[in-house]
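Have a look at the structure below, then the notes.
The values are calculated or read from the model by the stated rules, or taken from the named source; none is laboratory data. Since the structure is predicted, the reported quantities are computational estimates derived from the model, not experimental observations. Cβ: placed from backbone, ideal geometry, glycine included. Neighbour counts: every protein chain shown. Quick note on the areas: whole protein, heavy atoms, side chains included, nothing else; ligands and nucleic acids left out. Shrake-Rupley method; radii C 1.70, N 1.55, O 1.52, S 1.80 Å.
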Amino acid sequence: MTTIRRRLTLWYTVALAVTVLAFGTALYLERRQSGIKELDHRISLEADLAHRWLGESYKVLGRIVTSSGANAALDPGISAYLESVRDYLIVADTTGQVLALSEVTRALPADALERLASPLARPDLRRHIGTLELGAPTGGVRFLAMPVQDAGPAIRGLLVATPTAQAALGPADLLRSMLLIAPIILVGAGLVGYWLADTSLRPVQTIMDEVEAISDGRSLHRRLAVPLSGDEMARLALTVNGMLARLEQSFGSLHRFTADASHELKTPLMVLRAGVERALVHPGTPPEILQSLDETLAQINQMTEMVESLLTLARADEGRAPLAVEECDLRDLVVDVAETTGMLGEEVGVTEVHTVPDTPVRLAVDRGRIREMLLNMVTNAIKYTPQGGTVSLSLDQDDESVTFTVRDSGIGIAPGDLPHIFERFWRADPARSRTGDRPGVGLGLAITKWIAEAHGGSITVQSRPGRGSIFTVRLPKGRVSVSQDFSPQA
């Protein structure tokens, strides 16, 4: 999973790499230009010195070229001085004939020497600086060619050149150094960037952990600790605390309304139920009215069941549903529930099967709530199992937990509906509507989930359409406090 920390580290490293690349490029260009300037200054000094030497020699001697034609050459004394120049030096006459060479120039191959002397053969020779490529092993050279006008009519010009590779810390060396150092810089930058991102986002991680703990629906009274720094994190914590306060108020109002409405509806429903029951047994009730009264009584009973369920959940939401915990043998509860559901199964042609261990399964639980939980699961399984099907209830235990399992061969649940079946009033499909052949209020599994969690356990479901469903409740073997506050997830 890509995290903000990793993205910040990546972008920090990329930004630094771009910065280093831009800096290195600028440094490379500047150093290259600076190196060229140094070479130009060096060859200018050497050319000017050679030019003065020729001019002064001509003034003293009157003639510095000892012969003419193909054998033309400078005076040996003058040539000896020019041969000692450390860089490439060429002196040429008016015909382009080379009159003098420095010692390093004599070591050049013939083709390289010809290319080096080519600027002196230009008809419009003037003082200019340029670059020539002499090939291996010399490579590129920076040269200065200039005319010589005060050393006699036989001398036309001179050229001084030096290899570009002789520049101190040349561009190639700089580039090589950057390629060696850049990976170390980038790795170090990545580590520093990760540390900075981790340090900067640590308060966010703390806020995330706190919000995850609060958002379970049972801890809306909790608040985030506000940092004293007064920065964005403090503002974020204050904003989240304000949102939690509004959520707590909204949920509180909703729970109080549900509890108050459920409580207020109980009395009218009891009065209606009593009146309908009296009318059903009254000898003066016309036969044609009895069917309507039966249907009315069924609807009243369904409404009463929904009100009782809502009242149970409302009390649980407010923390006013403590468990009456006592240690008991859970086998007795399973057998009791099996007897009740067996009769319900006979009415619709569904076979009920139950299995319990041979040894006692003792656990501290609220007997009434556990019985309600098992009845909800088994009656729900019978409701959605067609005639001729089977519903089984089993009890198992291991060293750490007790397990209730309800299996059925019913219509099953679609994969898309599984995450929602424990939500209040959720009905998976039209077959599970309140007005169909399988009426209900959609609160039984929500209550079942609350009871399991109130005992520190969990409930899971596995189902495939047309293949039936398996509901599994696991309760840990630990004592549950009688006054412990358990609320279902809002």
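At a glance:
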| quantity | calculated |
| --- | --- |
| Residue-span extension gain [ALA80 to ARG362] - 0.36 nm each, minus C-alpha spacing | 89.8 nm |
| Label point distance in nm, THR25-ILE184, each placed 7 Å from Cα along Cα→Cβ | 2.5 |
| LEU269 versus SER292: modelled label distance in nm, points set 7 Å from Cα along the beta carbon direction | 2.4 |
| Chain lengthening between LEU228 and GLU133 when straightened (0.36 nm per residue, less Cα-Cα) | 27.4 nm |
| Long-range HN-HN contacts of ILE411 with modeled amide H, under 5 Å | none |
| Straight-distance crosslink candidates among aspartates and glutamates, where the alpha carbon sits under 18 Å from LYS59 and sequence neighbours closer than 8 are dropped | ASP48, ASP75, ASP93, ASP150 |
| At most 13 other Cβ within 10 Å, DSSP loop - trypsin sites (Lys or Arg not before Pro), the stretch 34-124 | ARG63, ARG86 |
| Cβ-Cβ FRET estimate between LEU238 and GLU277, R0 fixed at 51 Å, reported to 0.05 | 0.30 |
| Solvent exposure, largest accessible area first (probe 1.4 Å, DNA, RNA and ligands not counted), of ARG331, ARG464 | ARG464, ARG331 |
| Residue-level accessible surface for ASP294, protein heavy atoms, 1.4 Å, Å² | 80 |
